[in-house]
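Any read-out appearing in this document is the output of simple, stated calculations on the displayed coordinates, not a laboratory observation. This is a predicted model, so every value here is computed, not measured. Cβ: placed from backbone, ideal geometry, glycine included. Neighbour counts: every protein chain shown.
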Amino acid sequence: MTVPDPTPPASSDPPRPPAGLRAWGLGTAPPAATDRPRKLQDFAFEGDWDGYFELSRNKGPRATLLHALELFDKQPGADVPRLAIDLACGEGRDTLELVRRGWRVVAIDQSRRGIDMLLDQLDVDHAVRVSPQIASFADARLVPCDLLNSSFAIPFCPRDQFDDLWRRIVSSIKPGGRFAGQLFGERDSWGRCGLTIPHTRAQVDHLFKDFTFERLEEDEKDDLAGQRPKHWHVFHIVARKMVP
């Protein structure tokens, strides 16, 4: 499926712009408010991924991952070793939860700093269950897996690589396996400015035509990013791949 492009093509389309949203011609942000704690989107706005990873490390796993793991735990054979891919794992907040629960994990991120932060947090018993990859979306090796987790990452895939990435994601998930993660809706302000890939609800349904939704929450809210207005339009998804 080809995603419509409502904006003029950018001169380059990296998954994580090194200069943050400022590089996309959004102007200069007002002075930072000293009484507002910084959030993850502020670091994304500035392109400060070390800062992003540092703040994220103090947070727990994403709710979509926890929901998927609860569903796996309710299935017969819950004690059978399973394999997950954590695509764009960052500093590892989701990977850590997976290995804590006994999963083997292929942890993939294009940032060496993020992978190093993940590995530094693993004890010896957990480290043997993690296979790290430093790779972009295009270069990631997606092996057959029971769960593909990708928290707030896939929308940053370069647009000309999305169709191939999604094909490989669907192919890598075993029948009966699950996807957990997020896509951004067409009203998300970062999609409108060309930073991320927007999807309509109909497009989300098409992308998951081989899956059954077990969680599909459409969330919209207004916030700030780098002290500029930020409208979030997010699909939070847990979906199980159909068994032929």
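Residue count for the range 177-227 satisfying the condition of being among the small types (G, A, S) and loosely packed, with under 14 Cβ neighbours inside 10 Å: 1.
Checking each residue in the range 151-162 for being part of a loop (DSSP other than H, G, I, E, B) and surrounded by fewer than 20 Cβ atoms within 10 Å (Cβ to Cβ) picks out only P158. Residues being in contact (Cβ under 8 Å) with a residue 12 or more places away in the chain, farther than 28 Å from D50 by Cα, assigned to a strand (DSSP E or B) and of a type in the set (A, V, I, L, M) are represented in the range 167-178 by at least one member. For the range 77-119, residues that are under 12 Å from the mean Cα position of the chain (by Cα), among the acidic types (D, E) and within 18 Å of R178 (Cβ to Cβ) total 2.
Quick grid of which residues meet (1) within 19 Å of H236 (Cα to Cα); (2) of a type in the set (A, V, I, L, M); (3) out of contact with any Asp or Glu (no Cβ under 9 Å at 6 or more places or on another chain):
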{"residue": "D73", "(1), (2), (3)": "no, no, yes"}
{"residue": "G77", "(1), (2), (3)": "no, no, yes"}
{"residue": "E97", "(1), (2), (3)": "yes, no, yes"}
{"residue": "A107", "(1), (2), (3)": "no, yes, no"}
{"residue": "G114", "(1), (2), (3)": "no, no, no"}
